[in-house]
Amino acid sequence: MNHTIIGTAGHVDHGKTLLVKALTGMDTDRLQEEKRQGITIDLGFAWLTLPDGGRVAIVDVPGHERFVRNMLAGAGGINLVLMVIAADDGVMPQTREHLDILSLLGVQEGIIVITKADLVDAEWLEIVKEDIAGRVASSFLKDAPMLAVSSHTGQGIDALRALIVQKARAAANRNLSCPFRVPIDRVFTMEGFGTVATGTLIEGALAKESEAELYPSGLRVRLRKVQVHEETVDTAWAGQRVAINLAGIKRDEVRRGDVLAAAGSMANTRMLDVKLRALASGKRALLNGSRLHFYHGARSLLCKLVLLGMDALEPGQEAYAQLRFSKDIAVKKGDRFVLRFYSPVETVGGGVILDPLPRKHRRNDERVREALAIREIGTPAETLLQAILDASPFYPQVADIQKSLAMDSETFKAALETLIHDGSVLRLSLKTLIAAAFKNNLSLQLMQILKGYHADNPLQAGMRRDELRGRLMPGLDIPRADKMLDYFLQEHVITAAGPKIALYGFVVEYSDDDKRLLNEIESRLRTSGFMPPSQEELFGLYPKDKAALKRIFDAQLDTGNFIMVAPQMIFSRETLDRAWELAKAFIQENGQITLAQFRDIIGASRKFALPLLEYFDKQGLTRMEQDARVLDKKRGG
């Protein structure tokens with residue numbers, strides 16, 4: 001039999017806790033204040049023993065409007081609800097709000113239980129039944145069985161218990177293929193054991209001694225002991241209530257609303273992309289920019305609503321939206337949530353999470369809504385492709401993509417293999433994926449950038465890699481940006497020459513006029529020996545060709561044919577190499593060289609000799625010792 005979590009729901013004082021006691025023999029009101037006031041304040045837990053010896057968990061929730069937050073903390077994991085309605089009261093405000101909440105949380109199965117049947121006559125009971133049927137006609141309870149019971153006399157209790165067994169046996173399978181996850185709804189300290197946390201195991205299988213992680217804090221813990229219905233077990237399964245003894249953590253480091261999950265299986269976020277539905281019973285529209293209470297699992301926190309493509313969501317309408325938070329939260333795609341107004345606090349809507357790790361969107365971008373539609377109703381392959389396409393500008397890791405989709409490993413692997421095989425997705429490495437559509441678009445941008453650069457700088461071998469990274473992939477870290485450029489190098493879209501990147505096949509071509517100017521400049525530098533004219537002087541010789549001269553000088557400096565030893569002081573590579581050979585030979589013979597000695601060797605003034613020696617120092621060829629230079633053993637020697 002599949003594991004089932006039963007939850008109660010209904011208005012305060014309609015007999016939910018007494019019903020659970022009649023079914024199980026257990027009193028779920030554990031707090032003194034609950035016993036004193038006679039109402040449930042916090043979550044209560046019990047279990048029902050089945051004829052075959054199995055057990056199903058029951059979560060008893062408070063019915064008072066002041067404790068809806070506590071009700072929501074326990075409602076997230078249930079898959080069968082007992083909607084409790086007192087025969088002498090009928091449908092009341094919290095009956096309706098609990099029904100709305102359960103609908104928003106995606107609960108599909110329920111039993112309508114009319115309690116206190118011993119307090120009314122048969123005619124009144126039929127009137128109540130007809131009223132209830134009308135009230136739930138548009139909800140998931142429209143075809144639910146309806147039983148009248150009395151927890152005091154025992155009327156109908158056996159029939160209800162038998163119906164629960166029937167429903168539990170037919171319950172849908174829980175997801176056992178994903179890593180385990182437990183939203184924590186209670187934390188306490190047990191003498192001799194330490195910190196204990198309880199919650200509903202909503203997916204996966206949890207084994208004692210496993211390593212786990214608390215989200216959003218990121219604290220690592222070990223599961224020292226696991227109990228289900230007060231019995232110690234080696235393994236618990238999705239759909240069971242669990243109590244877990246946590247090793248390596250203090251009581252005050254765990255709180256209701258934290259999520260205990262397999263280590264590394266989730267990621268924190270401060271934004272969610274969602275499909276949002278405003279309750280048809282609502283009295284006010286949801287406005288863009290509203291501050292709202294957000295409820296997920298056992299967690300509640302404030303969020304800002306960003307409607308995509310509209311300014312207001314009227315009661316009964318649906319829309320895509322982004323929720324933004326000031327604190328971290330950990331969720332998965334497909335999780336359900338509930339929203340309540342900030343003030344007055346009333347339930348107004350909820351929905352399903354489509355992307356737990358989105359980027360900030362522009363509100364009126366139609367492409368964003370189209371992408372979210374795919375995430376909502378697409379096949380696994382379509383959804384995976386959209387996720388990779390959305391994340392491609394950030395060169396996503398395979399593990400991060402899988403986290404954002406909450407797919408089981410087999411489904412994810414099969415979808416990814418399909419996309420790679422048909423060419424929709426490319427692997428930059430074993431861990432990094434990009435969408436082919438993104439690569440194609442980036443390739444076009446790359447070619448446009450380099451074409452423009454080559455047109456403006458025809459004598460340059462290419463654009464510097466760091467400049468190209470910044471223009472093509474602004475904000476991306478260097479390792480991932482270089483990985484993308486390396487891919488284009490392998491694909492022969494671009495070519496590299498040292499630190500320069502050019503379009504594949506690009507060749508520097510000098511015009512006849514440029515060749516003439518270059519030959520003249522080279523001749524002047526060569527004939528001037530070790531006392532070349534300054535760059536300013538050279539430019540002054542060709543007043544009509546300054547633009548062409550600048551292109552030529554930049555290109556020659558870039559290729560290393562010209563060397564700028566000091567501002568305005570340029571040597572040809574040939575002349576500079578000759579100066580170094582003279583200096584090196586002298587030092588090797590004499591052990592050192594002074595400025596005066598070097599000046600005499602090259603036959604130049606101090607104006608040129610000193611910058612040359614300082615250049616050799618900067619290149620690591622020589623170093624100063626007192627008033628002379630010696631060879632640097634690393635490079636110069």
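The values are calculated or read from the model by the stated rules, or taken from the named source; none is laboratory data. Worth saying up front: this structure is predicted, and the values here are computed from it rather than measured. Heads up, the Cβs are rebuilt from the backbone with ideal geometry, glycines too, and the neighbour counts pull from every protein chain shown. We work out accessible area using only protein heavy atoms, side chains counted, and drop any ligands, DNA or RNA first. Shrake-Rupley method; radii C 1.70, N 1.55, O 1.52, S 1.80 Å.
Things to note:
- Between residue 373 and residue 283, the simple label model (points 7 Å from Cα in the Cβ direction) yields a spacing of 3.6 nm.
- Each eigenvalue of the Cα gyration tensor of the chain, multiplied by 5 and square-rooted, gives one semi-axis; in descending order these are 76, 27, 20 Å.
- Dipole of the chain computed with +1 at Lys/Arg Cβ and -1 at Asp/Glu Cβ about the Cα centre; of 193, 555, 484, farthest Cα towards the positive end is 555.
- Debye log10 I(q)/I(0) for segment 508-637, one point scatterer per Cα, at q = 0.10, 0.13, 0.15, 0.22 Å⁻¹: -0.36, -0.57, -0.72, -1.25
- Around the amide H of residue 180, modelled in the peptide plane, lie the amide H atoms of 205, 262, all under 5 Å away and 5 or more residues distant in sequence or on another chain.
- Computed over segment 363-432, the P(r) curve from all C-alpha pair distances, binned at 5 Å from the origin, holds 3, 16, 28, 28, 15, 6, 2, 0 percent per bin.
- Axis of helix 93-104 versus longest Cα principal axis of the chain: the two differ by about 40°, to the nearest ten degrees.
- Per residue, the convex hull spanned by the alpha carbons of segment 245-386 comes to 129 Å³.
- If the segment from residue 582 to residue 429 were pulled out straight at 0.36 nm per residue, it would be longer than the present Cα-Cα gap by 50.1 nm.
- Carbon plus sulfur fraction of accessible area for segment 171-279, probe 1.4 Å, in percent: 47 percent
- GluC sites (Glu not before Pro) within segment 183-236: DSSP coil, no more than 14 neighbouring Cβ in 10 Å: 191, 209, 230
- Cβ-derived FRET efficiency at R0 35 Å, residue 495 paired with residue 589, nearest 0.05: 0.20
- Separation of alpha-carbon centers, segment 472-529 and segment 262-336, rounded to whole Å: 50 Å
- Aspartates and glutamates with Cα under 18 Å of residue 129, excluding same-chain neighbours fewer than 8 positions away: 88, 89, 118, 121, 143
- Qualifying trypsin sites (Lys or Arg not before Pro) in segment 375-436, DSSP loop, other Cβ atoms within 10 Å at most 14: 431
- Check: the chain dipole with +1 on Lys, Arg Cβ and -1 on Asp, Glu Cβ, in debye: 1340 debye
- Spherically averaged projected area of segment 524-572 from its Cα convex hull (nm²): 3.2 nm²
- Simple rule: put +1 on each Lys or Arg Cβ and -1 on each Asp or Glu Cβ in the chain, find the dipole, and look at 329, 93, 182; the Cα lying farthest toward the positive end is 329.
- Potential lengthening of the chain between residue 188 and residue 557 amounts to 125.6 nm, from the contour at 0.36 nm per residue minus the alpha-carbon distance.
- Estimated FRET transfer efficiency (residue 217, residue 515; beta-carbon r; R0 56 Å; 0.05): 0.25
- In the structure shown, the pairs 451/546; 439/483; 275/413; 225/250; 225/403; 360/403 are assessed against 20 Å; a Cα-Cα span above that value is assigned to 451/546; 275/413; 225/403.
- Where the chain is the region considered: accessible area per residue in Å², 1.4 Å probe: 47 Å²
- Using a Förster distance of 60 Å, the FRET efficiency for residue 531-residue 443 (Cβ separation, nearest 0.05): 0.75
- Paramagnetic label zone (point 7 Å from Cα along Cα-to-C-beta, residue 131; backbone N under 11 Å) in segment 104-125: 124-125
- A straight Cα-to-Cα reach below 17 Å connects residue 618 with the lysines 584, 633, 634, residues fewer than 8 places away in its own chain not being considered.
- Our note on the geometry: Cα centres of segment 172-247 and segment 103-163, 34 Å apart.
- Of all accessible heavy-atom area on segment 323-444, the percent that carbon and sulfur account for (1.4 Å): 53 percent
- Selection from 307, 287, 297, by position along the positive dipole direction of segment 269-365 (Cβ): 297
- Viscosity 0.890 mPa s, temperature 25 °C, Stokes-Einstein D of segment 136-223 from Kirkwood C-alpha radius, µm²/s: 143 µm²/s
- Simple label model, 7 Å out from Cα along Cβ direction - residue 318 to residue 607, nm: 8.3 nm
- Residues whose amide H falls under 5 Å from that of residue 267, counting only those 5 or more places apart or on a different chain, are 331, with hydrogens built in the peptide plane.
- Unit charges on C-beta of K, R, D, E only; dipole of segment 558-637, Debye: 100 debye
- For segment 486-621, the carbon plus sulfur part of the accessible surface works out to 49%, probe radius 1.4 Å.
- Only Lys, Arg, Asp and Glu carry charge here, each on its Cβ (+1 for the first two, -1 for the last two); on that basis segment 480-632 has a dipole of about 240 debye about its Cα centre.
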